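> Can you read through this structure? Questions will come right after.
The values are calculated or read from the model by the stated rules, or taken from the named source; none is laboratory data. For clarity, every value in this text was computed on a predicted model and none was experimentally measured. Positions of Cβ are backbone-derived with ideal geometry, glycine not excepted, and every protein chain shown enters the neighbour counts. To get the accessible areas, we keep the full protein, side chains included, count just its heavy atoms, and leave off ligands, DNA and RNA. Shrake-Rupley method; radii C 1.70, N 1.55, O 1.52, S 1.80 Å.
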Amino acid sequence: MMSRRAFVGMVAAAAASAGAKLGGPRDAAAAPGVRTIHLDARTVSWELAPGRTVKAMAYNGRVPGPEIRVREGERVRIVLRNSLAEPTTIHWHGVDVPNAMDGVPDVTQKPVQPGETFVYEFEARPAGTRWYHTHVQEHRQMDLGLAAPLIIEPAAAEPMPYDRELTLVLDDWATGTAEALPPTREGTAGGRGTMGGMMGGMMRGGGMMGGRSTGGMMGRGAAMHEPAYDTMTINGKAYPATEPLRVRKGERVRLRLINASNEHTHVVRLAGHRLHVTHTDGNPLDSRVAVDAIPIAPSERYDVVLTAEHPGAWMLHCTQPGHAAAGEQMQVLYEGHSTAKPAPAESSLDGLRLWHYELGRGRQILPPPRGATQTFDQTLSGGMMGSDVWTINGKVWPRTDPLALARGDRAVVRFRNQSMEAHPMHLHGQSFRVLAVNGVRAEAPIVKDSVDIDGHMGSAVVELIAHNPGDWLFHCHKPMHMDGGMISLVKVR
Ligand code: C2O
Ligand code: CU
């Protein structure tokens, strides 16, 4: 007899092999030298876990959508067909696409109407863990599943060794079938250990936050309109429907972690093991960094290598209060331990070393500046008294002041967060270096495309070398905040 869990696992495995990956040779058709991929956005019913089936929106009928894998520099053509009953677009998050391919409705293209197709074409760069998602009504369409990995394999050798790899997309769902989880408010100090913004640090120091837990104690007063997330998934499934990772002793498994959640920071941990961070938002570090857990803000990615050196049965899970119980966990089973039961997930972070931005030493992969240096201050605020207005320098999009740059210019952008909530600020079209966080300067800045700015007076300074011409959004990746106005435009001429 097969257990229900084993059966669910098999179904997931079958689905994974039946079409999880796009980009193989069979997709190489038509135009020579161009890899053509077809995506169809449509509604499906999707089983998150036994008894929890939701009406989702999906690319090619899967949640998350199919993983696209291409080579760095390869020309990619993606034909999007919109079979939804509403407009949509695709944004290629972390890819240096030409501006017209960026997928921002009414900024870089017209929304793709129901029944229409739109052809995206670009050279896949830079290498790394990228992803793609809708950029229309993200608070609905992303919540319902329109997101997927885009893996750009480097043309040169991988900088850090591993034996095999697995992509894990973290997401959250409001299904109305269980009790809602507390929102992530302050950020996990953006993954910055116990530093946090000034206030956050004080509050944590004072014990109000219950160690490093985030948000739970603050109540839900600050934003009344956000969805009641009650289910957390890894690759579209909530535990026990998550597929176990089976490993052999000594194997090095690279995990590509993508946080596709609209609202929550996830703190990923594998019991019994350290995880070695190798890439931040897809961009390689100089050398790997061993940590016990990794806070991942919305839209961030981390690549980590797990060395299987501690045989047994373990849980890989989120340590945020309630998340593992809501489904965000999966078993890691060593050969010979496949019937063992892992110990239940623990949310305590006491004594654990957490990833934070200053731990990484970045590689110099961005172009050197040729032009002038310009400094921009971006003060983030809003959400006062439960309002849904979120501002940059006191203004809401589209009235925010653009950051005007010439190609080759170096821009230093200084973010300061006067609101109570963390803001993962994402720049379209090119990546940046994180020069300083909460007043601490980085010795060797890491390269990212999203930087989480702590609530309660958190700050960050980023540096970008304007190399991709066009109009690019620089916005908070939480759709509630984005819709509330927290967007500026970086104009590169
Ligand atoms: Cu990941 Cu403007 O988006
Ligand atoms: Cu925000």
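> Bin width 10 Å, origin at 0, all Cα-Cα pairs of the range 360-493: what percent of pairs per bin?
It works out to 14, 46, 32, 8, 0, in whole percents.
> If I model a spin label at residue 286 and residue 388 as a point 7 Å from the Cα along the Cα→Cβ vector, what separation in nanometres do I get?
Label at residue 286, label at residue 388, 4.6 nm between them.
> Obtain the radius of gyration and the Kirkwood radius of the range 128-184 from its C-alpha atoms and give Rg over Rh.
Numbers: Rg = 16.1 Å, Rh = 14.4 Å.
Taking Rh as the inverse mean 1/r over Cα pairs, Rg/Rh reads 1.11.
> While we're on this one: Along the three principal axes, how long is the range 21-171 when you take its alpha carbons, biggest first, rounded to the nearest angstrom?
42, 37, 27
> Same structure again: Kirkwood Rh, the range 287-378, all Cα pairs: how many Å? List each step's numbers first, then the result.
On the way: mean 1/r = 0.0598 Å⁻¹.
One decimal place: 16.7 Å for the Kirkwood radius.
> For the full complex of protein chains and a 1.4 angstrom probe, list 314, 390 by accessible area with the highest value first. Don't skip to the answer; put the middle values down first.
Values: 314 55, 390 5 Å².
These residues rank, largest area first, as 314, 390.
> Would you be so kind as to identify which of 371, 331, 127 lies farthest towards the positive end of the dipole of the chain, taking Lys and Arg as +1 and Asp and Glu as -1 on Cβ and the Cα centre as origin?
127
> Can I ask one more? Would you calculate the separation in nanometres between label points at residue 100 and residue 79, each defined as 7 Å from the Cα along the Cα-to-beta-carbon direction?
1.9
> What figure, in Å² to the nearest 10, do you get for the accessible area of residue 76 with a 1.4 Å probe and non-protein molecules left out?
Residue 76 exposes around 0 Å² with every protein chain in place.
> Could you tell me which of 82, 50, 111 has its Cα farthest along the dipole of the range 48-156 towards the positive end, charges placed at Cβ (Lys, Arg +1; Asp, Glu -1), taken about the Cα centre?
About the Cα centre, the residue reaching furthest to the positive side is 50.
> Hey, another quick one. Can you list the lysines whose alpha carbon is less than 25 Å from that of residue 478, not counting same-chain residues fewer than 8 positions off?
List returned: 55, 110, 237, 395, 448, 491.
> What's the extension gain from residue 379 to residue 228 if we count 0.36 nm per residue and subtract their Cα-Cα distance?
51.5 nm is the gain from fully extending residue 379 to residue 228.
> Tell me the accessible surface of residue 55 in square angstrom (1.4 angstrom probe, heavy atoms of protein chains only), to the nearest ten.
150
> I'd like the per residue volume of the convex hull spanned by the Cα atoms of the range 224-284, given in cubic angstrom. All intermediate terms of the calculation are to be shown ahead of the outcome.
On the way: hull volume 7.8 nm³, N = 61.
So the per-residue Cα hull volume is 128 Å³.
> Over 10 Å intervals from 0, what percent of Cα-Cα pairs in the chain sits in each interval?
4, 21, 33, 29, 12, 2, 0
> Can you bin the range 414-488 into rounded, prolate or oblate? Criterion: square roots of the alpha carbon gyration tensor eigenvalues sorted a ≥ b ≥ c, rounded for a/c under 1.5, prolate for a/b above b/c, oblate for the rest.
Details: a/c = 2.40, a/b = 1.04, b/c = 2.31.
Oblate is the answer for the range 414-488, as a/c is 1.5 or above yet b/c matches or exceeds a/b.
> For a quick check of understanding: with a 1.4 angstrom probe and all protein chains in place, what accessible area in square angstrom does residue 359 have, to the nearest ten?
Per-residue accessible area (residue 359): approximately 50 Å².
> Please give the charge dipole size of the chain, origin at the Cα centre, charges +1 on K and R Cβ atoms and -1 on D and E Cβ atoms. Round to the nearest 20 debye.
With Lys and Arg at +1 and Asp and Glu at -1, about 680 debye.
> How high is the relative contact order of the range 301-370, in percent, with contacts defined as C-alpha pairs under 8 Å that are six or more residues apart?
Details: 57 pairs, mean separation 21.3, N = 70.
Relative CO of the range 301-370 lands at 30 percent.
> State the extension gain, in nm to one decimal, for the chain segment bounded by residue 401 and residue 121, taking 0.36 nm per residue of separation less the distance between their alpha-carbons. Each step should come with its number before you reach the end.
Working: separation 280, 0.36 × 280 = 100.80 nm, distance 2.99 nm.
Contour length minus Cα-Cα distance gives 97.8 nm.
> Now a separate question. Taking all protein chains together and a probe of 1.4 Å, list 338, 459, 488 from the most accessible to the least accessible.
338, 459, 488
> Per residue, how much accessible area does the chain have with a 1.4 Å probe, in Å²?
On the way: 18280 Å² over 493 residues.
Here the residues of the chain average 37 Å² of exposed surface.
> Here's a follow-up. Using a simple charge model, +1 on the beta-carbon of Lys and Arg, -1 on the beta-carbon of Asp and Glu, nothing else, what dipole does the range 328-487 show about its Cα centre, in debye to the nearest 20? Before the final figure, lay out the partial values.
Working: 15 positive and 17 negative charges, 118 e Å.
Here the size comes out at about 560 debye.
> If the only charges are +1 at each Lys and Arg Cβ and -1 at each Asp and Glu Cβ, what is the size of the charge dipole of the range 375-456 around the Cα centre, to the nearest 20 debye?
Values: 9 positive and 9 negative charges, 60 e Å.
The calculation lands at about 280 debye.
> I would also like to ask the following. Given a 1.4 Å probe and every protein chain left where it sits, what share in percent of the accessible area of the range 336-448 is carbon and sulfur? Please list the in-between numbers first.
Values: 2820 of 5500 Å².
It is 51 percent, rounded to a whole number.
> Scale the Cα Rg of the range 38-93 by the rule-of-thumb value 2.2 N^0.38 Å and send over the ratio, two decimals. All intermediate terms of the calculation are to be shown ahead of the outcome.
On the way: Rg = 13.4 Å, N = 56, 2.2 N^0.38 = 10.2 Å.
My calculation over the Cα atoms of the range 38-93 gives 1.32.
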